[in-house]
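If you scroll down you'll find the structure; I have some questions about it.
The values are calculated or read from the model by the stated rules, or taken from the named source; none is laboratory data. Quick caveat, the model's predicted, so the values are computed rather than measured. Quick reminder, even Gly has a Cβ in these numbers, built from the backbone with ideal geometry, and neighbours come from all protein chains shown.
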Amino acid sequence: MSRFRNEAGFTLIELMITVVLVGILGAIAIPNFLSYQAKSRRAEAYANVVAIATSELSFQAESDAFIAAGAFPDWSPYGFLGTHKMAWDAASVAEYSELGWSPEGEVFYSYEVNAGGGPDCSTCTLCFTATAHGDVDGDGTPGAVMYVYPEETPSGNVECASGLFGYGTPLRRGSLTNLVYKEAVVSSSALDEF
């Protein structure tokens, strides 16, 4: 009988320490996991914005103008932008058909291209801004990945506005004056999203 009394299980203190350790590991791991999920969703925007820019440059080489396209897909049936995928529906296909671009499958972002007609670009035909609008971390604040292709003039660059949410030209991270052109980058006014 005495042999069985010495073979006791875990004490309450040992179990409490284990629960606390698992809780600490969870508190560290879960935010990192959510951040990695948002980064993987954001990769879609980088790839698609560069693909839109390539399509715009091809279109411009043939027609000597850039083409604008509205924000598609329409997110209103989904409530708002978020961590859910949206269908690239018939309206989206029609909007981007002249540009000759289409994503593969459903998307996390709504895509928009502004070419001419913006406040700084009302008459130019040599600039465009491709913007991916999204909320991939699900915090309710939309953000943007942008590709700004400016018209380079002797007096400086003229660029098209981002459109829907009015993001400015992206800034190089850590800079207040170094604007980013001709590459996909997160809009400086949307850094809280990313």
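Return the residues of the range 19-68 that are among the acidic types (Asp, Glu) and out of contact with any Phe, Trp or Tyr (no Cβ under 7 Å at 6 or more places or on another chain); say none if nothing qualifies.
Glu62, Asp64, listed by residue number.
Select from the range 59-68 the residues that are assigned to a helix (DSSP H, G or I) and more than 26 Å from Glu106 (Cβ to Cβ) and write down the one among them that is nearest to the chain's Cα centre (by Cα).
Result: Gln60.
Okay, residues lined up against (1) closer than 22 Å to Ala161 by Cα; (2) modelled with pLDDT under 95; (3) not aliphatic (A, V, I, L, M):
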site	(1), (2), (3)
Ala65	yes, yes, no
Ala68	yes, yes, no
Trp75	yes, yes, yes
Gly79	no, yes, yes
Ala90	no, yes, no
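Still on this structure, please answer the following. Quick one: in the range 89-113, which of the residues that are touching a His at 6+ places or on another chain (Cβ under 9 Å) and of a type in the set (Phe, Trp, Tyr) is surrounded by the fewest Cβ atoms within 10 Å (Cβ to Cβ)?
Phe108
Which count do you get for residues in the range 127-144 that are assigned to a strand (DSSP E or B), of a type in the set (Val, Ile, Thr) and within 12 Å of the chain's Cα centre (by Cα)?
Total satisfying the criteria: 1.
Consider Ile52 carefully, then state whether it is at pLDDT 90 or above and over 20 Å from Cys160 (Cα atoms).
Spelling it out, it is not the case that Ile52 is at pLDDT 90 or above and over 20 Å from Cys160 (Cα atoms).
Let me ask something else about it. Return the residue satisfying two criteria in turn: it lies in the range 152-183 and is at pLDDT below 70, over 17 Å from Glu112 (Cβ atoms) and of a type outside the set (S, T, N, Q), and of such residues it is surrounded by the fewest Cβ atoms within 10 Å (Cβ to Cβ).
Pro154
Please name all residue pairs, on different chains or six or more residues apart, with Cβ atoms under 6 Å, provided the first residue is in the range 106-120 and is closer than 9 Å to Thr131 by Cβ and the second residue is of a type outside the set (S, T, N, Q) and modelled with pLDDT under 85.
Filtered contacts from the range 106-120: Glu112/Gly163; Glu112/Leu164; Asn114/Cys160; Asn114/Ala161; Asn114/Gly163.
Let me ask something else. Do we have any residue at all in the range 128-150 that's touching a strand residue (DSSP E or B) at 6+ places or on another chain (Cβ under 9 Å), of a type outside the set (Lys, Arg) and at pLDDT below 75?
no
Quickly run through the range 23-58 and pick out the residues that are more than 23 Å from the chain's Cα centre (by Cα) and closer than 16 Å to Lys182 by Cβ.
Within the range 23-58, just Ser58 meets the criteria.
Oh, and also: Would you say Val186 is among the aliphatic types (A, V, I, L, M), within 20 Å of Leu57 (Cβ to Cβ), out of contact with any Lys or Arg (no Cβ under 7 Å at 6 or more places or on another chain) and at pLDDT below 85?
Criteria not met by Val186.
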